[in-house]
Each structure stands twice: as C-alpha cells, then as structure tokens.
Amino acid sequence: MHTIEGKTFPALPGAIPQVGAVAPTRGVAYWQILRGHIWLILAFTVLGSIAGLLYCVFRTPVYTAASTVELLPLNQSFMSMSAVDPEAGTDMTTSSVTNIQTQIKILTSRTNKTRVIERLNLEGPLAVTLPQTFFTKIRQKIPVFRRDPLAQTREAMALAAKTSTAKGVGATRLIDIESESTSPEMAAQFVNTLAQEYIAQTSSSRSSVSQKTSQWMESQLEEAKAKMEESGEKLRQFVQQSGMDFFPEQTTLADSQMKQLQSNASAAEADRISKQAKWDLIKNTPVERLPDVLTDGSMQGLKGKVNDLKMQIAQLTATLTPEHYKVQRIQAELNETQDELEKEEKAAIQRARSDYDEALNHEKLLLGAYHSQTHQVSGQADKAAQYSMLKRDLEMDQELYAYLSQHSSQASLVALAPTSNIRVVDMAAVSRIPTNPVPERDIPIAGVAFAALGYGFLVLRETSRRKRFMRLFEAPGHTTPLLRVPELGVIPSVQPERNKKRLGRVVPLLGEGEDSEDNLTRLVPLERRSTMQAESFRQTLVSILRTRPKDHNPIYVLTSAGPGEGKTTLSVNLATAMAEIGNKVLLVDVDVRRSHMDRFFGSATHKGLTDLLVTEESPEDVDLSEFIQSTSIDGLDVMSHGVDETNQPGLAFFSPKIGQIAKLLQSQYDCVFFDTSPALLFPDARLWGKYSDGVVLVVRAGVTTREDASAVCQRFIEDGIPVLGTILNDWTPEVGYDYGYYAYNSYAGGASGRARS
C-alpha cells in the first residue's frame, strides 16, 4: 500500500521489479561489456587482420643492413706526431662521448652520403632483386607495383641514403651503421660503401694535413736559417767594432781593480774617521785632562816624575824654607821635568794632526782612483750587455733552426706514411628477411589493435551511458525510489527484432535511433499475442486495473514531463488493451497544440474536444455523437482535439465545462483516457487531473531527466492530484540484465511457435 495526498492505493504487482538493479563493480562491468559484445569485438579483430593483410600486400618490403666500425687510438708518441700533426692529440682517437658523436655526424653527413651515391653510380647500377614470397608474388600481379628496374634501383638507393644512421655502442669505441632499402643488396652495399668512404676520407684528410704541415715547416726552416745567419753576423761585427778583449761571462781585471780600490777606500775612510776623532779630542781638551790612551809611555813617566817631585817639595817645605838648597835643588829638577813634559805634549799634538792629515789625503786619493775605475768598468758593462743580447738572439735562432729541422724531417715521414684510425669490424651482409612489413607480426598486431579500439569504443560508450544514467531514467525500477510512486509497467522499444540482429546490439542504424518518430507513434497489434510489446501493455494494464475504483467508472490522465516521450502511443495502446478485455473505452485527445491522434485513427477534420468546449449549449444538451468518432477496434471510441481554430487553445481548459464533460463521459464509458500535453510546459494535465481518478506519468528511457520527473510529481502533489504511477517507455534491454527483454521474447517466441503449429 502507498499513500498520496491522503489517498491510499494498493501495492501493484508486476513482473518488472520495483527496485533498481545493483550496479556491477568496475571489473565485472568490463567483463560484461566484453561478454555481451564478443561478436562485435571479433568483427573488429577480423577487420584489423584484413587491414594488416592489406598492409603487408601493398607495403613495399624494406630490408635492413648493419655494419660496425671501430675508432682506433693512434700512437701520439710516434715521432712526436702530436707536435707536428694538428689532428693528433685531440679527442679524435679517444672513446669520449664528444668524439663519438662528432664521428657519427661526419659519418652520416650529406657530403659523405653524396660521395657514396656517386661511387655507386660509377660502379654501375645494381639490379634490384626481391625474395619471392607469397606477398611479393601478389604485389607483382598488381599493375601499380610494376616499375622500371632502373627506377627501382634509384628509389632503393635514395631510401638507403635517407635512412642510413649511426650510433655509438655503449662506452666503447664502436659505431653501428644501419640503413634500410627496398633492395637487400642495395642496403648492404650502401652501408659498406659508406664505411669505406668514411675511412678513405679520414686517411686522405690526415695525409693532406700532414703534407701541408711538412711544407709549412720547410718554409719556416728556411726563414729560421736566414735569421740565424743574420744574428751571427751582427754579433761578429759588434765584437770587431767595440774592440772587446774580454768575455762577459768571465771576471775582468778592471772589475778586480775596482773591487780592490773599493775595499781600500773603505779601510782608508775608517782610518780617517778614527784619526779625525782623536785629533778633535786632543784639539779641544787640555793636555792634563787627556785620557791615558791618547798619551805615550814617556809622557806617562814624566807625569809620574812631576807628581813625585811635587810631593818631595811639599815634604821639605814642611821643615825647611824655600831657600834651602835641598828645596832649591828639587825645585830645579821639577821645573826641568815640567819643561820636558810640555815639549812631549806639543809633539803628541803635532803627531795627531799629522796622522789626521795623512789619513784624509790617503782617503781622497783612494776615492779618486775608485771613481776613475768605476767609469772604466761601466763602459765595459755596456759593451758586455749588448754582446750578451746579440749572443742570446743568436742562440735562440740556432735552437729554433735545430727544432724545425728535426720536426720537419718527422713531418715529412708522417706525410709519406699516412695512417687511418678507422677499422671495419663487421661488414654488412645481405639479409633476405624484410624488417617491414612482417606478416607474422603486423597482421596479429593489427587485429589486436582493432579489437582494442573496438573494445575501447564500447567502454567509452558504456561510460558515457553511465554518466547519462546519473541524470536520466535508463532501466526498470529507477523511478520508484526517486519519485516515491509505483512503476506500473515497462514498455520495451518497438524495434527489438532489428536491434537484435545488429552486431553486439549496441550501434543503432542510421535513421533508426531512439528518437525515431515512428518508434513513438506505432500501434502495437494486440492480436499478436507472441510479441513482447503487446504483453508489456497488457502487463501495464493489469497494474492500472488494480487502481480502478469500485463505485464509478475511472478517468485516467496520461501525461509526461516533456514532449517526445511517447505518451500518445501509450495512451492509444492502453486504450486498445482496455477495449480488448470487453470494456467500452473513450480516448480523448487533450493535446490540442501538437496532436498525434489522427496518425492512429480518426479524422483531423471531425469535431472534437475544443468544439465541445466552445459551444454555447450545455454539455448535457448536446449530442456527444457529433464529437466522438468510432474506430476499427471494437469498444474503442476517440474524441479528437477538434477543428476549432483559436489563438489560445489552452484557455478553453479553464472553462467550468470541463468538469461537466468529464462526468458526462464517465457516465457513458467504462473507462476514459485523457491524453494531455506535457505537464512541465502546459497546465492541461493539472486542469484535467482534478476531475480524474489519477495521473499516469510516462517516462521515456534515456530521455526523461530525473529533475523534470520530480518537478512534475511535486506539482501534482501540491494540487492534490494522485499520481497512480509511472510507465517506463521505449526501454532497450541491455546486456548485463539477468532477466531482460530477450529472455521474455524467448517465451513469447515459444508461444508463437506453438500457436502457429
């Protein structure tokens, strides 16, 4: 039981479950896609294999040839090659990354390839021969692949030149050379010739450089010899003109004399200073105060004798008078001694003066001699310096001449015996197995790639469908938990038989999609009891009959949220199914704006609902037979939208006559169906729903959004109009449902078979 706006309705039984299907996990979903579309994926695989086969047939085979060369290090110490050969001593003979890349660039340069092409052309055209395989035999039968042999040779050579590459082998001195061509012989010959030209060019370059170096050194040797002779002549002329009788590297007599005079002058100066100091002291100091060191021994004795005599006189005068003869005798001796002392003092002063004068004069003489000798030595030093400079120039020219002479001979020998630092390790061999295409590889890869592409397309389609599923109604049971109303039935698509024949049942044919107008306006022949569509309408009718009131005849309003959702088709087929069980049914076309009822039965020029609403007479007084049309189906009548042309047809539904018309029709028919306009856009369903026993909401799978359906139900609830339930229309059973349409169809087919038998 469920309740809507205070009205209670019984729970509706049905074969379609009322809850949504549990979403499979990601891995299970991928497996279901693979299992449900296995034939489509196999078709993609076959298509890819065919594409791979065509690729192998139409693709000209390409053959690869490879060779290996080694960079040999030269002996740089041999005859000092690093000194005479500009290319020696560089990274050219090492296994450095820089050197390997440099040699690779030279090896694959445009100039080297051009020389190879010229050499091959001079040697004569090489016939292009292809291994006879299944694919080559087929290709030879196709006219477009029949080419002139000379043109094929040129194309093979051009491809070999274009695809020739070189690369280093790890941290070694080895270089791998590869080339591709449509001829295996051409590929191998081009690689070998490329290596040979590279070796020849390297040797020629080294020999040319060595010869140029030798010629240059010979010219430099001649210049050095001339310069050496010129320097020797300058030195000889200088010696003759200067009259040098000494050698600058030896000590001369003038130098020795100058050094001796310098030593004597220094000693004389010291002696003069000493004697000058003595003379200054004696000259400015009294004799009696002079230090003892400045007086000689005689003067010291005289001074002592004077002192003794003075002491004797002092002793005698103590007892005797000065006139006493003893005193007179000692006094006379004292005077004589003092006179002698004065003479000695004067003589010592004179000697000090003489010594000073003599030392001063001696110093002057030595200094004069020293200065004279210095001038003489300076003149000899200038000559020695100029001599040393000229001699040094001569020695440098001699060394340069000797050096150039030695290395010129070595450079000549190196130029006569050129060496190559390139060696071929492995020559390219002719390979009869193409590297592209490889049927054993390309055909399976193409098949797998196409299968993966097809599977990826299916996964993307399923992902897109699941994203759309988040907003749209896709499968049975999804309307119940969201709208809180029962699901009265599920109407499958009217084209399942054709869809079933498609590969994988996933790709709609052009013009047969879900939006096809015929798909929504098709009358299901109910007499064919074996069809699933007819049974689905009967199943839906059973659910509707469960809501039928017991005290009066029911009026049902069928509507949808938006246009194009198949409500008219459902109304016609439900009314037909109701008439099939013996009820007198009236189908009223309330959709006056976009009516489709005349596509099923009835005439568009017959009076109908709008004519009844605009008539001035009361509904009870008019003859309803004028507004109702009979159909070819027993018990089913139709009231079309009418022929009245009004600018605003919807305003007629606000007339109070609609209530009277509803009651009048209800009294004359066992069941009345109102096919109204979309409820989200127009108010028709809400106006007629007030006089009905409930509204049936049509939801189209993959079209109706959840927001629109919820908004419509909310409006009916606010108006107090019961929503009896929903009908899922145009549902296409998908792979992955445990009990989908095709399971039902197998039962229907069995019944049909038994009926026909």
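Label separation (L174 vs I445): 2.6 nm, computed from points 7 Å beyond Cα along the C-beta direction.
Phi angles of the stretch 332-341 translate, via the Karplus equation with coefficients 6.51, -1.76, 1.60 and θ = phi - 60°, into HN-Hα couplings of 5, 5, 5, 5, 4, 5, 5, 5, 4, 5 Hz per residue; Gly and Pro are given as x. In order along the stretch 187-201, the Karplus-derived 3J(HN,Hα) couplings, from 6.51 cos²θ - 1.76 cosθ + 1.60 at θ = phi - 60°, round to 4, 5, 5, 5, 5, 5, 5, 4, 5, 5, 5, 5, 5, 4, 5 Hz, and Gly and Pro are given as x.
Cross-link pairs exceeding 22 Å between alpha carbons, from the set K275/K346; K212/K391; K227/K391: K212/K391. Computed extension length for L482-L42: 154.4 nm, one decimal, from 0.36 nm per residue of separation with the Cα-Cα distance subtracted. Here the extension length gained between D148 and L460 equals 107.4 nm, from 0.36 nm per residue of separation less the Cα-Cα distance.
With each label modelled as a point 7 angstrom along the Cα→C-beta vector, the S204-Y55 pair spans 4.3 nm. Using R0 = 35 Å, the C-beta based FRET efficiency linking R329 and R351 works out to 0.55.
Estimated from the Cβ-Cβ distance and a Förster radius of 22 angstrom, the FRET efficiency linking D426 and S96 is about 0.45. Rounded to 0.05, the FRET efficiency of the W216 and A158 pair, given R0 = 41 Å and the Cβ-Cβ distance, is 0.45.
Once the Cα-Cα distance is subtracted from the 0.36 nm per residue extended length, the T615 to S298 segment shows a gain of 95.2 nm. Across all C-alpha atoms in the stretch 576-642, the radius of gyration and Dmax reach 12.2, 37 Å. Per-peptide packing, taken as the mean over residues of other Cβ atoms within 10 Å, places 605-616, 317-328, 625-636 in the sequence 605-616, 625-636, 317-328 from highest down. The label-point distance for E223 and K283, in a model that sets each label 7 Å from Cα toward Cβ, rounds to 7.4 nm.
Since every read-out is calculated from the coordinates, none of them should be taken as a lab result. Just so you know, these numbers come straight off a predicted model, no measurement behind them. Cβ: placed from backbone, ideal geometry, glycine included. Neighbour counts: every protein chain shown.
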